[in-house]
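The values are calculated or read from the model by the stated rules, or taken from the named source; none is laboratory data. Model, not experiment: these values are computed from the prediction. Glycine also receives a Cβ, built like all others from the backbone with ideal geometry; neighbour counts cover every protein chain displayed.
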Amino acid sequence: MDNRVQQDETSVMRFHPLARGGDDLRLEFRHTFSAPREVVWSSLQDEQVLRRSLPGCRKLVGVAEGAYDAELGLNVGPVKGVFTGEVKLSELREPKSYRLTMSGKGKPGEIRGDARIRLEEAERGTLLVCDAEAQVTGVLASVGQRVMASVAKLILGQFFKAVEREIQGRHPVDG
């Protein structure tokens, strides 16, 4: 099964279950930023921008180069609760791509994610392509892949739109 959802003119998400089955998801998310690739890159590496942009972020603290302890309070559909965990950025190829891995635990269950993020120059700025795999357990797994994919779409969309606002606040686009 392949499911594609057009969010708006700047964001698109696709999801489908991984071939190995279970409660694993593979997500593809695209977002077009109206800023140059170097500006998008630096914003996505900025701890303050990340802290302000992550939905429900209560804490994001750098513990090592490219590694953060995080706490998120989420209330999206069936995903309600506080999650604590870590986020790591690796395989950085400025300003083209990086890998983001995360793990978190909360009352609703556990989540592990592994994302490859690419930034491509586009006609109207920068196209971000995020290919991710996620595994969930507990109540999170019981709500089903479609619901989890919808929640992921909403959270990713909120995050990238918040990053876009941060960029616009720092680097207004001449129009």
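What the table below lists for this structure:
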quantity: Residue within the stretch 152-168 that is over 20 Å from Ser43 (Cβ atoms) and either in contact with a Leu (Cβ under 6 Å, 6 or more places away or on another chain) or charged (D, E, K, R) (or both) present; calculated: yes
quantity: Residue check, Gly22 small (Gly, Ala, Ser) and at pLDDT below 90; calculated: yes
quantity: Residues of the stretch 117-149 satisfying the condition of being over 19 Å from Gly104 (Cα atoms) and modelled with pLDDT under 85; calculated: Arg146
quantity: Answer residue from the stretch 57-69, given it is touching a helix residue (DSSP H, G or I) at 6+ places or on another chain (Cβ under 9 Å) and buried (at least 16 other Cβ atoms within 10 Å of the Cβ) and is nearest to Val163 (Cα to Cα) among those; calculated: Cys57
quantity: Condition met for Ser90 (under 18 Å from Ile167 (Cβ atoms) and of a type in the set (Gly, Ala, Ser)); calculated: no
quantity: Residue list for the stretch 89-128, filter: of a type in the set (D, E, K, R), assigned to a strand (DSSP E or B), free of Cβ contacts under 8 Å to residues at least 60 places away in the same chain and within 19 Å of Phe29 (Cα to Cα); calculated: Arg99, Arg112, Asp114, Arg116, Arg118
quantity: Which numbered condition Gly66 misses (of (1) closer than 22 Å to Gly56 by Cα; (2) in contact (Cβ under 8 Å) with a residue 40 or more places away in the chain); calculated: (2)
